[in-house]
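Remarks on the structure that follows.
The values are calculated or read from the model by the stated rules, or taken from the named source; none is laboratory data. Predicted, not measured: the structure shown is a model, and the values here were computed from it. Every residue, glycine among them, receives a Cβ derived from its backbone with ideal geometry; neighbour counts consider all protein chains shown. To get the accessible areas, we keep the full protein, side chains included, count just its heavy atoms, and leave off ligands, DNA and RNA. Shrake-Rupley method; radii C 1.70, N 1.55, O 1.52, S 1.80 Å.
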Amino acid sequence: MKWLLLTLLSCICFQECVSGLLCHQIDGNLNQIDAGNGQVFGVDGNGAIYSRNEGNWNTISGRLTHVTVGPAGVWGVDKNDAIYRMLGGSWALMAGLLKQIDSGGDRFVSGVNMNDDIFCAQRNNTISAATYDSPAYHHLIGKLKYYTCGPFGCWGVNSGDQIYFRTGVTPSQCFGTNWQQISGSLSMIEVGTDGSVYGVNSAGNLYRRDGITSQNPTGTHWTHINIMREKLKHVTTDLGQIWLITKSNKIFQCQ
């Protein structure tokens, strides 16, 4: 019994006890990761692109600094902020310039540019986007360094790590209506395709937004998910699994 207790407390090898979740380190090193629609994509510090399939990383042609996968498909941006969409297994150059992009909305995309200006492309424009002169984007008032959307709305953080929720967002009106500031401080934030919201603060700590429903899309409070030793810089979630990137680019999977 004593041995069992010590084992549970220490979570031997690369495993960590995370507020009821079990995490383990997986192979590879990534700078950014995104999960959605049962798929996982990531990019490393050299811009190499990977997808996860049956427990292995597969190399994808091209070079990107940020990649996203969700209901709107697989999109990414490169070191020059050029935007690409995966079409038929190849990258197609799209209109616009963004430093961060998100395809987690209801088949619409959103993101921010080098000046922290915020943009989105509505569902009808996103679905048909196939050439360098598409899609058409809407410019949202405000400044954010990271912007992400899900089934209940869109979340973002600004250069001061303040957190905002965009009200009134729909697939046909991705630009929404107003900004609602949410308590707390995060350096990045991600919305899962199930509506769950996770974020990482500047100290490398992981937080989850609790109480989110379709009737209360902003939830009620933040819960700190304690992770021993490792400091984080990126989080994404899909199908009940949480994927984490540490500040040293290690990859952890939690469930």
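So which residues in the range 139-169 are part of a strand (DSSP E or B) and not aromatic (Phe, Trp, Tyr)? Spell out the reasoning first.
Of the range 139-169, the ones part of a strand (DSSP E or B) are 139-140, 146-150, 153-157, 163-166.
Within the range 139-169, His139, Leu140, Thr148, Cys149, Gly150, Gly153, Cys154, Gly156, Val157, Ile163, Arg166 meet the criteria.
If I ask for residues that are open to solvent by 40 Å² or more (accessible area, probe 1.4 Å) and closer than 19 Å to Tyr147 by Cβ, which ones from the range 214-232 would you list?
Trp222
Count, please, the residues in the range 28-64 that happen to be open to solvent by 60 Å² or more (accessible area, probe 1.4 Å), modelled with pLDDT of 95 or more and over 15 Å from Lys250 (Cβ atoms).
Total meeting the criteria: 7.
Val169 versus (1) touching a Cys at 6+ places or on another chain (Cβ under 7 Å); (2) free of Cβ contacts under 8 Å to residues at least 60 places away in the same chain; (3) over 18 Å from Val67 (Cα atoms): which is the lone unmet condition?
(2)
Go through (1) open to solvent by less than 10 Å² (accessible area, probe 1.4 Å); (2) within 22 Å of Gly199 (Cα to Cα); (3) under 17 Å from the mean Cα position of the chain (by Cα) and name the single condition Cys23 misses.
For Cys23, the exception is condition (3).
Would you point out the residue of the range 65-90, among those that are among the aliphatic types (A, V, I, L, M) and assigned to a strand (DSSP E or B), that is surrounded by the fewest Cβ atoms within 10 Å (Cβ to Cβ)?
Leu87
Ser172 is checked against (1) at pLDDT 95 or above; (2) within 28 Å of Ala136 (Cβ to Cβ); (3) surrounded by fewer than 13 Cβ atoms within 10 Å (Cβ to Cβ); (4) polar (S, T, N, Q) and fails just one. What number does that condition carry?
The failed condition is (1).
If only one of Ser202, Ser214 is at pLDDT below 95 and among the small types (Gly, Ala, Ser), which one is it?
On the way: Ser202 fails: at pLDDT below 95.
Answer to the check: Ser214.
Which of the residues spanning the range 201-213 are surrounded by 14 or more Cβ atoms within 10 Å (Cβ to Cβ) and closer than 21 Å to Pro151 by Cα? Let's see the steps before the verdict.
Step one: list which residues in the range 201-213 are surrounded by 14 or more Cβ atoms within 10 Å (Cβ to Cβ), which gives 201, 204-209, 212.
Hits for the range 201-213 are Tyr207, Arg208, Arg209, Ile212.
Collect the residues in the range 38-73 that are within 20 Å of Cys120 (Cα to Cα) and touching a Leu at 6+ places or on another chain (Cβ under 9 Å), keeping them in residue-number order.
Residues satisfying the conditions are His66, Gly73.
Given the options Thr167, Thr148, name the one that is touching an Asp or Glu at 6+ places or on another chain (Cβ under 9 Å), among the hydroxyl-bearing types (Ser, Thr, Tyr) and open to solvent by less than 50 Å² (accessible area, probe 1.4 Å). Even if it seems obvious, please write down each step before you answer.
Details: Thr167 fails: touching an Asp or Glu at 6+ places or on another chain (Cβ under 9 Å).
Among Thr167, Thr148, only Thr148 is touching an Asp or Glu at 6+ places or on another chain (Cβ under 9 Å), among the hydroxyl-bearing types (Ser, Thr, Tyr) and open to solvent by less than 50 Å² (accessible area, probe 1.4 Å).
Working only within the range 174-223, note down all residues that are within 19 Å of the chain's Cα centre (by Cα) and small (Gly, Ala, Ser).
Hits for the range 174-223 are Gly184, Ser185, Ser187, Gly192, Gly195, Ser196, Gly199, Ser202, Ala203, Gly204, Gly219.
Enumerate the strands (runs of 3 or more DSSP E) found wholly within the range 170-255, keeping only those where 1 or more residues are closer than 25 Å to Ile118 by Cα and of a type in the set (Gly, Ala, Ser). Explain how you work it out, then say what you get.
Working: elements: 179-182, 188-191, 197-200, 206-210, 221-225, 232-238, 241-246, 250-254.
Filter on the range 170-255 gives 197-200.
For the structure I just gave you, tell me whether Ala130 is open to solvent by less than 60 Å² (accessible area, probe 1.4 Å), hydrophobic (A, V, I, L, M, F, W, C) and in a loop (DSSP other than H, G, I, E, B).
It is true that Ala130 is open to solvent by less than 60 Å² (accessible area, probe 1.4 Å), hydrophobic (A, V, I, L, M, F, W, C) and in a loop (DSSP other than H, G, I, E, B).
Could you please tell me which pairs satisfy a Cβ distance under 8 Å, a separation of 6+ or placement on different chains, a first residue in the range 197-223 that is touching a residue at least 60 places away in the same chain (Cβ under 8 Å) and over 14 Å from Ile163 (Cβ atoms), and a second residue that is open to solvent by 40 Å² or more (accessible area, probe 1.4 Å) and small (Gly, Ala, Ser)?
Listed pairs, sorted by first residue: Thr223/Ser19.
Residue check, Asp106 against (1) touching a residue at least 60 places away in the same chain (Cβ under 8 Å); (2) open to solvent by 30 Å² or more (accessible area, probe 1.4 Å); (3) part of a strand (DSSP E or B), all met but one. Which one?
Failing condition for Asp106: (3).
Any idea which of (1) assigned to a loop (DSSP other than H, G, I, E, B); (2) touching a strand residue (DSSP E or B) at 6+ places or on another chain (Cβ under 8 Å); (3) open to solvent by less than 50 Å² (accessible area, probe 1.4 Å) is the one Ala95 doesn't satisfy?
Result: Ala95 fails condition (1) only.
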